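Okay, structure first, notes after.
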Amino acid sequence: MLDADWNELEDIRRMELLTMIRYFIGNGVPAGNQGFQILSTSGQNNFSVAAGIVIVDGLLVINQNITTYQTQLNVAGLPALTTPVADRTDFVYLDTWEKEVKGSGGGGDPRLIDNRIGIETAVRVKREWVVRVKENANDLSSIVREKGNSYLPLARLNHRAAVAGITPDMVIDMRKTGITLAEHIKVPLF
């Protein structure tokens, strides 16, 4: 057996697992947590993103700490939210993807380089995510999709004209919450 055989076997198992999760559990927030809930926060043109987990196209996406939209700006190069001149609906969604991480190069992980021989002995896949906002939009149909990325609706923000703050009454939660495998099983689960 060659390394390529092991890699192909792992790819097949991974595809089967993702397919099962995608079709039998679905997209959304598993029961028992509030992952990626959009909440109002102090400050102008900003909101909080709750810690927790969510499933998007079979991928488990984890937000370990409460974050805000503005703390993502420097990391992801996102545009700042603007104060609307007239009433406006903005669409908040999760964008997630996987990228290959090598031992060297920009963003490389030096732990993947074997110091005894001085070369990289492995690569790994890292799951990334960012919460994005599409101004003047209601759903995913207005999003330009990137190949390899998966998207999940989180909320609608109903901004009022000339109001920079986002209050709780402006946030409409669009997440599917409470998902479980038990929803799809034909016999009782004990």
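The values are calculated or read from the model by the stated rules, or taken from the named source; none is laboratory data. Keep in mind that this is a model prediction, so the values were computed, not measured. Reconstructed Cβ throughout: ideal geometry from the backbone, glycine too, with neighbour counts over all protein chains shown. Keep in mind that these areas ignore ligands, DNA and RNA; they rest on the heavy atoms of the full protein, side chains included. Shrake-Rupley method; radii C 1.70, N 1.55, O 1.52, S 1.80 Å.
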> Does the stretch 147-156 contain at least one residue that is among the polar types (S, T, N, Q), open to solvent by 50 Å² or more (accessible area, probe 1.4 Å) and more than 16 Å from MET174 (Cβ to Cβ)?
Replying inline: no
> What number of residues in the stretch 49-105 are under 30 Å from ILE117 (Cβ atoms) and either among the aromatic types (Phe, Trp, Tyr) or within 14 Å of the chain's Cα centre (by Cα) (or both)?
Replying inline: 2
> With (1) surrounded by fewer than 16 Cβ atoms within 10 Å (Cβ to Cβ); (2) free of Cβ contacts under 8 Å to residues at least 40 places away in the same chain as the list, and GLY43 as the residue in question, which single condition is left unmet?
Replying inline: (2)
> Can you name every residue in the stretch 11-22 that is farther than 20 Å from LEU154 by Cα and at pLDDT below 85?
Replying inline: ASP11, ARG14, LEU17, LEU18, THR19, MET20
>> Just to be sure before I move on: is ARG14 among the charged types (D, E, K, R) and either touching an Asp or Glu at 6+ places or on another chain (Cβ under 8 Å) or assigned to a strand (DSSP E or B) (or both) in the structure I sent?
In response: no
